[in-house]
Structures are given as C-alpha cells and as structure tokens.
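Colleague: Dropping the structure in here first, questions after.
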C-alpha cells in the first residue's frame with residue numbers, strides 16, 4: 001500500500017496565487033498518496049473565500065486572526081497523518097515539481113529531514129543582495145553553533161519523516177519557525193540532506209512578507225535553542 005505525503009500549506013493573503021499553487025501540488029506525480037492541509041492565518045484579502053470552495057481537495061483550517069507562519073505550521077502539523085511531511089508556501093516562490101528531488105533521500109531511507117537549497121545550482125530568480133547576504137550570515141552562524149555544513153538555513157522548503165518532526169516541540173509563532181526548525185533538527189543530529197531546488201523569489205511589490213526585522217527572530221532562535229528546547 002502506498003505511503004502518504006502530508007503537504008502543509010500556511011496561507012496569509014495569497015488570493016492571487018493559492019489556487020495555482022494547489023493546482024501545481026495536485027499535478028505532481030509521486031509514488032505516494034497526498035494529504036493537503038491548508039491553514040489560512042487570518043487572511044483579509046479574499047483568500048478565505050477561495051479556500052471555502054475547495055471541498056474535498058484539501059483539509060482547510062481557519063485561524064480567526066493572523067498569528068504568524070509558525071502558528072499556522074504548528075496547526076497544520078497537528079493534522080498531518082502522512083508518513084512524510086513537506087512545508088509548502090502558497091506564494092509560488094517554491095515549485096512543487098521539486099517534490100521528487102526533495103523526497104528522494106526520505107523514500108530510500110537515507111534521511112530524516114531534507115532541505116531544498118537555493119544555492120546548490122538550481123535555477124533561481126536574481127533579486128535582493130541583502131536578503132542573500134543575511135541568509136549567508138545566518139547560515140554561517142548555524143554552521144558554527146551546531147557544527148554542520150548547511151548552505152541554506154533559511155529555505156522554506158523542508159521535508160521530514162512525520163514521526164521525527166512531531167517529536168520536536170515547536171514554539172515559534174512567526175517567521176522564527178524557520179530558524180527554530182533548523183536549530184532543533186541540528187541539535188538532535190537528525191540525518192539531514194540538502195538537495196538543489198529552483199526558486200522564483202518575489203519582490204515586495206509582488207507580496208513578499210519577510211523583512212529584515214525578522215532577522216532578529218532568526219538570531220534569537222538560533223542562540224536560544226542552542227542551549228534550551
């Protein structure tokens with residue numbers, strides 16, 4: 001019997017992209033069943049109304065107010081029943097056609113977690129130098145603190161064995177969830193692989209939400225979870 005992949009999709013004000021994203025998710029051919037879990041994190045732009053029409057295509061959960069990406073992911077993870085879990089943003093920056101590459105090390109038993117790296121040679125849109133520089137600084141800090149050799153700690157494309165990710169207590173409400181996940185995966189010495197992915201980054205005019213201020217959350221999580229849990 002085929003195993004199942006739980007696809008966790010946190011959504012906040014993505015009415016222009018969420019239906020196309022779901023179409024791409026459904027179109028990917030995998031040797032796995034798919035469970036799609038969408039958490040709308042208090043959208044106010046009409047996204048919730050679009051999600052209401054999905055019916056049996058996905059499990060849709062609504063947050064009454066905007067709580068942050070971390071809170072949405074924790075809600076989605078609580079509903080994940082698959083053997084494997086992948087985090088999928090709704091903004092089309094990350095392409096579901098990369099799922100086979102992401103899942104390969106999990107399916108053949110080599111990995112507990114897989115990160116899709118934007119810096120291992122995949123095609124990517126050329127955009128902001130300071131975002132790139134900031135990610136490199138936080139990646140270097142992660143490597144020093146946790147004695148690993150990641151190339152992209154801030155990637156949003158992360159896949160896990162469900163049993164492994166559910167054993168990790170997660171606390172972050174907002175974008176700090178990315179750093180918290182990385183810190184706790186590395187601290188537990190899970191078998192972590194990186195694979196190259198494509199990346200179609202957005203501008204702020206396109207709706208990009210993360211800003212330099214979220215760097216403080218990254219820094220706090222990397223330092224805090226080095227000594228705490």
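Colleague: 222 nm [θ] for the chain, helices only, -39500 (n - 2.57) per DSSP H run of 4+, per residue, to 500?
Modeller: On the way: 8 runs with 82 residues, N = 229.
Theoretical 222 nm ellipticity from helices: -10500 deg cm²/dmol.
Colleague: By counting other Cβ atoms within 10 Å of each Cβ, how are 132, 99, 146, 199 ranked from fewest to most? It would help to have the intermediate numbers written out before the result.
Modeller: Values: 132 15, 99 25, 146 19, 199 22.
Least crowded to most crowded, the residues run 132, 146, 199, 99.
Colleague: Arranged by the count of other C-beta atoms within 10 angstrom, fewest first, what order do 140, 8, 170 take?
Modeller: Details: 140 12, 8 25, 170 15.
Ordered by Cβ neighbours within 10 Å, fewest first: 140, 170, 8.
Colleague: Another question, if that's okay. Taking only Cα atoms and a 10 Å spring cutoff, compute GNM fluctuations for the chain and point out the largest among 144, 18, 38.
Modeller: Most flexible of the set in this elastic network: 144.
Colleague: Calculate the radius of gyration of the Cα atoms of the chain to one decimal place, then report Dmax, the largest Cα-Cα distance, as a whole number, both in Å.
Modeller: Here Rg and the maximum Cα pair distance are 16.4, 47 Å.
Colleague: Then there is this: If you stretched the chain out fully between residue 171 and residue 213, how much longer would it get, using 0.36 nm times the residue separation minus the C-alpha to C-alpha distance?
Modeller: Numbers: separation 42, 0.36 × 42 = 15.12 nm, distance 1.89 nm.
Contour length minus Cα-Cα distance gives 13.2 nm.
Colleague: Would you order 6, 97 from fewest to most other beta-carbon atoms within 10 Å of each residue's own beta-carbon?
Modeller: 97, 6
Colleague: Only Cα pairs within less than 10 Å get springs; with that Gaussian network setup on the chain, which residue of 167, 58, 90 has the largest fluctuation?
Modeller: 167
Colleague: Between residue 228 and residue 140, what's the calculated FRET efficiency when r is the beta-carbon distance and R0 is 30 Å? Round to 0.05.
Modeller: On the way: r = 22 Å, r/R0 = 0.72.
E between residue 228 and residue 140, to the nearest 0.05, is 0.90.
Colleague: Could I ask something else about it? Taking the chain as a Gaussian network, Cα atoms linked when under 10 Å apart, which of 134, 53, 154 shows the biggest mean-square fluctuation?
Modeller: Comparing 134, 53, 154 in a Gaussian network model of the chain, the most mobile one is 53.
Colleague: Follow-up question, since we're still on this one. What is the spread of the Cα atoms of the stretch 1-77 along each of their three principal axes, largest first, in whole Å?
Modeller: Result for the stretch 1-77: principal-axis Cα extents of 39, 23, 17 Å.
Throughout, read-outs are computed from the coordinates displayed, never taken from laboratory work. This structure is a prediction, so every number in the text was calculated from the model and none was measured. Reconstructed Cβ throughout: ideal geometry from the backbone, glycine too, with neighbour counts over all protein chains shown.
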